[in-house]
Structures are given as structure tokens and as C-alpha cells.
Amino acid sequence: IWIYHYFYAEEKLVGNLVSLSKHDRIKAFQKMPESMRRKREIRNKVLREITKKSKGRGIHCGCCTQCLRRAKVSLRRFRNGLAECFHRLNFWHKILKVIGGEFGTSVLSYFIFLKWLLNFNIFSFLINFGFITVPQFVAAEPNNLSFTGLELLTGAGYFQQTVLYYGFYTNATISKTKIDASYNMQLAYIFTVGMYFVICLLILFFSIAKSICRNFINLQVYSGNASKLLCTWDFNITNEKAVKLKQRNLSTQIKEDLAEENKEALNFSLTERIVRILIHLASWAASLGTAVAACAGVYFLSVNNLELFMKGHKKDLESQAAMLVLPVITSLLNAFIPFFYSWLGNMEKLQNPKSKIYVTIARNLILKISIIGILCYYWLTVVAASESQCWETLIGQDIYRFVLVDFIFCLLGSFFGEFLRRIIGTTVCVSLGVPEFDIGRSVLDLIYAQTLTWIGILFSPLLPGIQMVSFAIVFYVKKVSLMQNCQPPRKAWRAAQMTTFFMFLLFFPSLAGVLSVIAVTVWR
């Protein structure tokens, strides 16, 4: 009787599985509390039943079903092969694993964000090059200016008569002959830039929503020390280096989770609370005052610099090279004021490292966005009202210089801010020790550079290509500097929600402000 009931239950189970769709059948197999061997036996019986039923249908129907099934299998194989190719092209997968295992998710979030921005610029460069630059080559006239090499720094001279800037592009309809199809360059230019920003908005909305679901809503699916200990090990890993890397990664994640759960609320007396509040207020007043002073200095320097340029020889390369003073001074302010903000953060003695990073990011964000806002006001009021033949090209050259100088200062910051700091901390002043990676300042540097690139797309369509190369170099320079000069955070803490915060900052105020500037420029 027991054997009869067993086979009857099995036949009923097979019959129920046959009636399900393929997707529901796979889920039913996954939820089945049976061994893998038993699941394979049931699956084979289900497949045999499906084959019998398909043979019972007409020959013509069987042929159609078989062709459809073969097409699905071929499509699945092609999709898997394509995914494998993209995985092999992902050169930084192993690097990100090493960084996550050695320094934790807080530092890893910076490199993930940098890689994400690099993909943004690759997409932007391909769009602009395909729909704007390539058609312009058809109608381009020969460049009669000589190349001296200084143009690589100034963006002026020879580059003025190239596809790098807005002023070189024709406003006519392009057609090789009267018979060929025409290409309206004016519409192509404005619609390409407009559609790119629409796609950027959609990508940012989707990425932020996905990250919020993963890190704020469905936390139980992605966290939990028990699941990390018992369920997350990949038994397909056989390489010794990969095993050690996976162990370090899991160990770091568990330390971060335990540190997050074991946070102790510190009790302060009334006097200590008042002193801490006064220190916080003084720090914020000092940071805001510094930002206001920096913005005022940048504005007056930019106005005076433009007046000197307009009075001198506009086409003289030395006169245009003098315009490098503004981006150099601005980059110096962006480089040294964040160190002052870090000192203020140390004075405040915030216990939670996450709060310290958020405060540092807020202060740096106010500084950098204020400077960009002042520059946009200067470009759209002073430069646009100047007597320049093409003020859009003049703005494009300015933004080119800002992007290039900011990239140089980023490399110098890795050398002086981390390499020399490690040398001093290990030889001259041992009490300083090895530095930690400054996440807040580094992330705001990326957002500042990307904001400049977005503003410059209208005035210099190939600027994303330049930023693409600079971000790739910054990734490897920062990675080497991190491994050689920095130590892991002294306090382990989970930073899975940091990437969501970075994306939100990229959306607001960065992209929202850029769209406002582009809208005002196009309207004028």
C-alpha cells in the first residue's frame, strides 16, 4: 500500500509539473525539498511526458514546435555567449574584488561609482561622435592653423578649427550631392544632446530605484551574518588565490555587519553636549564662510582675466594660455579647502565614521557646486555678452581647460596627498601613521568633473571622450595609490547605502543644475 501511494503521489506530481509553464516549473523544482538526484529523476520523467504529448500532436505542429524550441535554444546560447564576452571585457572585476576584500565596502563604493561614471562617458562619446561629429567630417573645411603643442593645455589655437568645439560645426543641411539624402545639422546637434540628457535621466532614475530597493527595502535578502556564514560560499572556487580573496571579502563584510550592530550610544553630560553643539556650529560657519570667499575670489578673477584677454590679442596663443590662471586657481581652491574641511571634521570628533563622511561630503558639495554655479553665471552673463566672435566656443575652451587642469590636480593629489603623506607618516612623524583613503573628497572630485563634462557637452561635443580617458587613468592611479599608500579604515562599517547616496548627489544637484544651465543657454 505504501509503495502504491508513493508511485501515485509521484505520478500526480509529474502531471502537475507537466501542466505548468517552463518558468513556474523551474521555480517548483527549486522549492522542492528533495535531493539533487531525486530532482533529476522527476525532471526526466516530466520531460518524457512533455515529449509524448508533443508527439501526439500533428506532424506539422510538431515541426513548428521543434523549430521554435531550436530557435529559443539558439537565442539562449547567443545571449549566454554575449554575456560571457561582456564578462571577459570587464577588466576591473578582479580589481574590485581585491579592493572590497582588503578595504571594505566603504572604499569599494568609490571605485564602483567611478566605473559607473566611466560607462556614462563612453555612452555619451559614442552618441555624440556618431550623430554629430561623423556627419560634420563630410562638410568640414581644411584647418589652416598651425599646431604648436601648447593647444593640448589651452584648448585654443589649432583646436578652434576642429570638431572639438561648437563654433566649428555647420548650421547648414549636409548632403554630398543633390540626389543623396540630406542631414540637418542644426536639428541633429540639438536633438542628440537633448536625447542624451533624457537617457541620462532615465538611467539615473532606474539605477537609484534599483539601489534603494536593494539597500533600503529588501535588506533581509542581501544581509544577515548567518546567511553569510552558511550560504554564501561558492564551492566552484578551486584556485587558492581566489579562495583567500573570497575569505577576506566575507570576513570584511561580517566585521562591518557586527560593527553596525554593536554601535554603542554615548551618553554626554549637558556641558559636553553644549560644547559639542558650539563646535559643530563654529565648524559649519567656518566652512560656509570659506566657500563664500572662494566663490567671490573665482568670480572676480574670471571677470578680470576675461577683460585682459579681450584687450589683448584674442588669437595670440600666449594670451590664451594666460586663461589657464583661472582653472589653476580654482583647482588649487578645490584641492586645499577640503583638507581644511577634514581638519574641521577631526575637531568635531564624530563617533560614527559614516556621519563623518556624510558631513565632509556635504561641505565639499556646497563648495564645489557653488564654484560651478558662479562659473556658469560668469559664462552666461559676462562671456555671452562679450565681443567674441563665437562665445560658445570660448566657453567650450574654458571648460576644456577646467577638465584638464582638474585631472592633473587629481593625479598630483594622489601623489602629494597619499604618497608623501605615507612617507612622512612612516619616517619623519611616526605618530601620523599611514593615511586612510578619503572617500568624501574623492567622490566629490568625481561629481565635480562629471558636472563640468555635462555642462560642456553642448559647447564641446567630444568632451566626454576626454573625460573617459581621464577617468580610466584615475581609476588605475587611485587603485595603485590605495594599495601602496593607504590603510583599511580603523573602524569597520557597512557602506552598502553609500553608492545610492552618490547616485542621488549626481542627480541632484549635479544633473538638475546642468539641465537648468543647458536650458537657459539653448533658450538664449
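The values are calculated or read from the model by the stated rules, or taken from the named source; none is laboratory data. Computed from a prediction, not measured in an experiment: that's the story for all the values here. Cβ: placed from backbone, ideal geometry, glycine included. Neighbour counts: every protein chain shown. All accessible areas refer to the heavy atoms of the entire protein, side chains included, with ligands and DNA or RNA removed. Shrake-Rupley method; radii C 1.70, N 1.55, O 1.52, S 1.80 Å.
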Given the criterion in a helix (DSSP H, G or I), open to solvent by 10 Å² or more (accessible area, probe 1.4 Å) and touching a residue at least 12 places away in the same chain (Cβ under 8 Å), identify the matching residue among 132, 190. 190
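Looking at the range 254-278, which of its residues are assigned to a helix (DSSP H, G or I) and either at pLDDT 75 or above or over 21 Å from residue 105 (Cα atoms) (or both)?
Answer for the range 254-278, where residues must be assigned to a helix (DSSP H, G or I) and either at pLDDT 75 or above or over 21 Å from residue 105 (Cα atoms) (or both): 270, 271, 272, 273, 274, 275, 276, 277, 278.
Conditions tested, residue by residue: (1) surrounded by 13 or more Cβ atoms within 10 Å (Cβ to Cβ); (2) farther than 30 Å from residue 248 by Cα; (3) modelled with pLDDT under 75.
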| residue | (1), (2), (3) |
| --- | --- |
| 8 | no, yes, yes |
| 16 | no, yes, no |
| 44 | no, yes, no |
| 49 | yes, yes, no |
| 81 | no, yes, yes |
| 85 | no, no, yes |
| 95 | yes, no, no |
Across the range 509-524, which residue is nearest to residue 354 (Cα to Cα) among those that are open to solvent by 10 Å² or more (accessible area, probe 1.4 Å) and either at pLDDT below 85 or β-branched (Val, Ile, Thr) (or both)? 517
Only listed residue being farther than 21 Å from residue 126 by Cβ, buried (at least 16 other Cβ atoms within 10 Å of the Cβ) and not small (Gly, Ala, Ser), chosen from 395, 457, 408: 395
State yes or no: is residue 524 in contact with a Leu (Cβ under 9 Å, 6 or more places away or on another chain) and of a type in the set (Lys, Arg)? yes
Just need a number here: residues in the range 471-487 that are free of Cβ contacts under 8 Å to residues at least 60 places away in the same chain and surrounded by 15 or more Cβ atoms within 10 Å (Cβ to Cβ). 1
If the requirement is being modelled with pLDDT under 90, of a type in the set (S, T, N, Q) and surrounded by 22 or more Cβ atoms within 10 Å (Cβ to Cβ), which of these qualifies: 431, 442? 442
Residues that are open to solvent by 40 Å² or more (accessible area, probe 1.4 Å), among the aliphatic types (A, V, I, L, M) and over 15 Å from residue 453 (Cβ atoms), drawn from the range 99-129: 112
State whether one or more residues within the range 308-323 are aliphatic (A, V, I, L, M), at pLDDT 85 or above, surrounded by 13 or more Cβ atoms within 10 Å (Cβ to Cβ) and closer than 23 Å to residue 410 by Cα. no
